[in-house]
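Data first, discussion second: the structure below is written as structure tokens.
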Amino acid sequence: MASPAAPATRKETWKEKLRRSLRGEGGVVGQERWLGVLLILPALVLLTAFFLVPLVMVGWMSLHNWPLLGRPRFIGLRNYATMLTDTGFWHALWFSAKYTIVVTIAIFAVAFPLAFFVERPRPFVGFFRTAFFLPVVLGLGSASLLWVWLSNVDFGLFSPALMKLGLIDRPVSWLMQPTSAFISIIVMVVWKASGTSIVLLLTGLQAIPPELKEAASIDGARGWQRFRYITFPLIRRTFALALILSVTHSVLAFDQFYIITAGGPDNSMLSAVYWIMNTSFVSFKLGYGAALSIALLALLVLLSIVQLYLLRTKEGQ
Amino acid sequence: MKRRTFLGAAMSAPMLSTAAWSQEPLSMWARSDVANVIRPFVDTFNAKGKTQIKLDIVVAREMVQKYAAAAAARSAPDFLLLDLIYTPAFASADQLQDLSPWTKEMPYFESLSPAHRKLGELDGKLYGLPFSAEGSVLVYNKKLFREAGLDPEKPPKNWGEITDAAVKIRALGGDRYGYYVPGAGAAAFRFLPVVWANGGEVLSADGKKATIDSPQLREAIGFYRDLWAKKVMPESVVADTGPDALTGFAAGRVGMTITGAFAIGVLTTRYPDVEFGVTPIPGKNGGFASFAGGDNIVVSRGTRRLPAIREFVDFAYSLEGQSLLGKYGSLPVRGDIAAAALKENDPRYLTVAEAVNKGGRTPRSSVYNDLFNSLNGPWVTLHQRAIFGNDVDGAIAQAQATFQRIINEAN
């Protein structure tokens with residue numbers, strides 16, 4: 001509803017309007033709404049140029065038989081029909097799902113305790129916060145390459161170091177067997193990515209007024225109860241954000257599998273995006289790759305909606 | 001005012017660049033596999049002071065997608081050295097210029113490598129001219145042979161001798177191994193000749209039928225399974241997709257491996273301490289085969305600088321150009337002067353050249369990349385599963401089915 005506008009004696013300049021709305025005076029209502037639009041315009045331009053336009057192009061490509069080299073041919077929805085019987089893609093999707101579940105649980109199992117650990121002021125807390133976050137600033141590509149080298153059975157670090165420590169008697173090649181390679185990559189990603197979740201959870205935790213917890217303690221609430229009834233409900237939104245980011249990244253995982261094991265061993269780690277890359281740039285079927293991308297995008301949007309629904313904050317809370 | 005000046009400058013820019021166009025260096029791409037050869041080759045050409053070439057090295061397995069992207073953005077290089085395997089795909093996609101007019105002015109044309117020309121032909125036109133040849137061979141470390149009590153001047157002539165030598169070298173102990181081949185990649189160049197030398201075929205002559213499941217291929221797999229079971233290969237072979245193919249051999253820790261002429265260049269220039277011999281890849285009871293590879297010179301459809309490119313081609317086919325190839329780790333493509341070009345080079349190149357001439361083959365398939373090159377494709381998967389896994393029959397049956405499915409889908 002439009003609130004009664006203050007009787008204007010003269011027309012405000014846009015600078016005054018900007019200043020006023022930045023000070024938070026008067027809601028951005030009615031004709032002042034254009035100011036808001038103006039302010040988000042740069043973001044809209046970027047979004048249009050780098051997301052919406054490419055998205056429409058991918059959608060258009062997905063309706064074609066579009067070879068990497070050569071002329072595209074319109075084939076309607078046939079790419080989407082092919083998808084239904086493409087067992088390779090379904091396997092890849094299943095692998096991505098498995099990976100997402102395992103890595104997300106692993107990341108939060110590490111991030112929650114560490115976020116609690118660095119929440120309160122304690123000696124060297126700055127050091128710990130930095131140490132936990134530091135791997136995040138590394139590129140995933142560089143981290144993966146580093147991991148390949150560290151895991152090399154002959155001249156890496158892990159095997160020789162564990163042998164020196166007497167934990168194993170002969171070098172172990174983790175990247176050789178599907179299960180151990182999978183675990184190895186999970187460990188790398190947790191090390192590399194949990195920093196983001198830690199920082200997000202940390203900001204959520206720090207926003208909780210200490211009085212609430214004190215009051216709960218005085219009322220006799222124990223540690224778990226305090227977490228269940230005070231802390232968790234109050235960081236619900238932050239948790240949802242961290243969860244959605246983590247799930248999205250995991251569903252779209254590609255670099256680590258490409259770099260560390262090239263989808264192996266024995267093609268056991270072909271993720272959905274890896275399959276799309278292979279379809280587009282190894283088999284040179286850009287049109288079909290585009291259709292797979294659209295399908296994956298739809299799936300991801302659906303997943304995010306479900307998560308937001310499950311973690312919604314009820315009105316009035 | 002300012003804006004107008006800026007606009008004016010922007011408008012005059014294209015005219016300036018048109019004027020500068022003829023002096024601009026030619027842009028050329030080559031794949032990373034041949035960087036060792038092409039860099040000094042282009043440097044020598046540029047040093048002549050006439051046409052200049054700006055060379056870009058592209059990661060080998062990204063060549064096709066990079067070129068496609070560049071072609072779509074109208075920024076394709078003037079010409080490139082293309083893995084000859086890809087010449088049919090590029091030519092049939094209408095990306096290249098017909099070079100057959102040039103061939104009439106080349107009296108030596110008929111002596112150019114037949115494998116290259118065959119893959120460069122399409123509908124009576126010629127879209128690729130041979131630049132460099134390559135072939136797979138077995139290399140062995142003479143020092144390790146001697147230490148293991150083997151005669152370093154008598155390389156293995158059949159599978160039994162390879163196994164025997166590998167076991168003896170492994171028996172030296174420590175980190176010395178008898179044999180090495182990457183398990184999870186680069187398997188066309190290295191494993192196809194083992195099957196061929198045993199009389200096996202994996203594709204019908206027209207490329208329409210997969211013939212994976214043959215006694216010859218099963219024997220070849222059995223040969224490698226035996227090497228693996230005897231622990232003469234290091235464990236790291238299983239996960240190696242190719243980057244470490246030569247690492248152990250260059251360090252003097254591996255007795256034998258399959259590689260190409262490029263490795264002679266790498267070893268002699270960068271690892272002069274490794275004393276090695278070269279011999280053809282033998283079959284079970286003798287005979288030999290080689291994967292005939294190499295690069296074609298192909299010219300982008302959009303370029304207008306044919307005379308300058310021709311200058312490079314003529315240099316490449318001169319005795320000097322052909323000799324440079326051998327000098328830096330490749331093979332000449334002009335049969336009539338190959339011997340002269342290699343005369344001053346390492347005699348081991350001649351062994352490779354001979355293996356290619358007498359036993360060299362190249363699979364021709366429009367889906368070559370899917371079948372043989374892809375690290376997740378059926379050939380590499382078969383290699384990994386059948387040699388290092390437990391279910392040989394399952395791996396072979398699956399490879400046969402996947403090969404045929406990919407071929408059918410393409411037709």
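A few remarks follow.
- The condition of being more than 10 Å from chain B (Cβ to nearest Cβ), open to solvent by less than 20 Å² (accessible area, probe 1.4 Å) and closer than 24 Å to A:Phe74 by Cα holds for A:Leu292.
- Some residue of segment A:172-180 being crowded, with 20+ Cβ neighbours inside 10 Å, more than 22 Å from the chain's Cα centre (by Cα), free of Cβ contacts under 8 Å to residues at least 24 places away in the same chain and outside any helix (DSSP H, G or I): yes
- Test for B:Gln398: is it at pLDDT 90 or above, within 14 Å of chain A (Cβ to nearest Cβ) and more than 24 Å from B:Phe262 (Cβ to Cβ): yes
- Test: residue in segment B:90-97 that is among the acidic types (Asp, Glu), within 14 Å of chain A (Cβ to nearest Cβ), closer than 27 Å to B:Arg305 by Cβ and open to solvent by 10 Å² or more (accessible area, probe 1.4 Å): yes
- Residues that are assigned to a helix (DSSP H, G or I) and open to solvent by less than 40 Å² (accessible area, probe 1.4 Å) within segment A:268-289 comprise A:Ala272, A:Val273, A:Tyr274, A:Ile276, A:Met277, A:Asn278, A:Thr279, A:Ser280, A:Leu286, A:Gly287, A:Tyr288, A:Gly289, listed in sequence order.
- The single condition among (1) surrounded by 22 or more Cβ atoms within 10 Å (Cβ to Cβ); (2) under 24 Å from the mean Cα position of the chain (by Cα) that B:Arg117 does not meet is (1).
- Total residues in segment B:208-234 satisfying the condition of being more than 25 Å from B:Gly286 (Cβ to Cβ), free of Cβ contacts under 8 Å to residues at least 60 places away in the same chain and surrounded by fewer than 19 Cβ atoms within 10 Å (Cβ to Cβ): the figure is 0.
- Some residue of segment B:309-328 being surrounded by 20 or more Cβ atoms within 10 Å (Cβ to Cβ), out of contact with any strand residue (DSSP E or B) (no Cβ under 7 Å at 6 or more places or on another chain) and assigned to a loop (DSSP other than H, G, I, E, B): yes
- Of all residues in segment B:64-82, those that are at negative phi and surrounded by fewer than 21 Cβ atoms within 10 Å (Cβ to Cβ) total 8.
- Test result for A:Thr85, under 30 Å from A:Leu205 (Cα atoms), open to solvent by 60 Å² or more (accessible area, probe 1.4 Å) and more than 18 Å from the chain's Cα centre (by Cα): no
- Of everything listed in (1) within 14 Å of another protein chain (Cβ to nearest Cβ); (2) surrounded by 12 or more Cβ atoms within 10 Å (Cβ to Cβ); (3) at pLDDT below 90, the single unmet condition for A:Gly141 is (3).
- In segment B:61-79, of all residues being touching a residue at least 40 places away in the same chain (Cβ under 8 Å) and away from every other protein chain (no Cβ under 13 Å), the one that is nearest to A:Thr279 (Cα to Cα) corresponds to B:Arg74.
- When residues of segment B:137-189 are limited to those that are within 30 Å of B:Val367 (Cα to Cα) and open to solvent by 20 Å² or more (accessible area, probe 1.4 Å), the one farthest from the chain's Cα centre (by Cα): B:Ala186
- Of all residues in segment A:248-267, those being part of a loop (DSSP other than H, G, I, E, B) and surrounded by fewer than 20 Cβ atoms within 10 Å (Cβ to Cβ) number 2.
- Every condition in (1) open to solvent by 60 Å² or more (accessible area, probe 1.4 Å); (2) closer than 30 Å to A:Ile259 by Cβ is met by B:Ala205 except one, and the failing one is (2).
- Taken together, the criteria exclude B:Asn46 from residues that are open to solvent by 20 Å² or more (accessible area, probe 1.4 Å), in contact (Cβ under 8 Å) with a residue 40 or more places away in the chain, assigned to a helix (DSSP H, G or I) and more than 14 Å from every other protein chain (Cβ to nearest Cβ).
- Residues satisfying the stated conditions in segment A:295-317, i.e. closer than 30 Å to B:Tyr67 by Cα and open to solvent by less than 40 Å² (accessible area, probe 1.4 Å): A:Ala295, A:Leu296
- Unique match (being touching a residue at least 12 places away in the same chain (Cβ under 8 Å), hydrophobic (A, V, I, L, M, F, W, C) and part of a helix (DSSP H, G or I)) among A:Ala161, A:Ala109, A:Ala92: A:Ala92
- In segment B:347-374, the residues that are within 14 Å of another protein chain (Cβ to nearest Cβ) and open to solvent by 80 Å² or more (accessible area, probe 1.4 Å) form Cβ pairs under 9 Å with partners that are at pLDDT below 85 and not in a helix (DSSP H, G or I), at six or more places apart or across chains, as follows: B:Ser366/B:Gly207; B:Ser366/B:Asn411.
- Set side by side, the residues B:Gly207, B:Gly178, B:Gly200, B:Gly183 differ, and just one is more than 23 Å from B:Ile407 (Cβ to Cβ) and at pLDDT below 95, which is B:Gly183.
- Evaluation of A:Ile244 against (1) open to solvent by 20 Å² or more (accessible area, probe 1.4 Å); (2) touching a Ser or Thr at 6+ places or on another chain (Cβ under 7 Å); (3) within 14 Å of another protein chain (Cβ to nearest Cβ) (one fails), failing number: (3)
- Given (1) within 14 Å of chain B (Cβ to nearest Cβ); (2) part of a loop (DSSP other than H, G, I, E, B), index of the condition A:Thr313 fails: (1)
- A:Arg78 being out of contact with any strand residue (DSSP E or B) (no Cβ under 6 Å at 6 or more places or on another chain), open to solvent by 80 Å² or more (accessible area, probe 1.4 Å) and within 14 Å of chain B (Cβ to nearest Cβ): yes
- Of all residues making up segment B:401-411, the number that are touching a Leu at 6+ places or on another chain (Cβ under 9 Å) and within 11 Å of chain A (Cβ to nearest Cβ): 2
Condition check ((1) over 24 Å from B:Leu382 (Cβ atoms); (2) assigned by TED's automatic domain parsing to the domain that holds B:Leu172) across all residues:
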| position | (1), (2) |
| --- | --- |
| B:Pro215 | no, yes |
| B:Tyr224 | no, yes |
| B:Thr257 | no, yes |
| B:Arg270 | yes, yes |
| B:Gly277 | yes, yes |
| B:Pro282 | no, yes |
| B:Arg304 | yes, no |
| B:Pro307 | yes, no |
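- Unmet requirement for B:Ser290, which otherwise passes all of (1) open to solvent by 10 Å² or more (accessible area, probe 1.4 Å); (2) under 19 Å from the mean Cα position of the chain (by Cα); (3) polar (S, T, N, Q): (1)
- Taking segment B:106-194 as the region of interest, the helices (runs of 4 or more DSSP H) fully inside it that hold 2 or more residues being assigned by TED's automatic domain parsing to the domain that holds B:Leu267 and over 30 Å from A:Gly263 (Cα atoms) are B:142-147, B:159-170.
The values are calculated or read from the model by the stated rules, or taken from the named source; none is laboratory data. Keep in mind it's a predicted model, so treat the numbers as computed, not measured. FYI the Cβ positions are ideal-geometry reconstructions off the backbone, even for glycines, and counts take in every protein chain you see. Side chains are part of the model used for accessible areas, which takes the heavy atoms of the whole protein and leaves out ligands, DNA and RNA. Shrake-Rupley method; radii C 1.70, N 1.55, O 1.52, S 1.80 Å.
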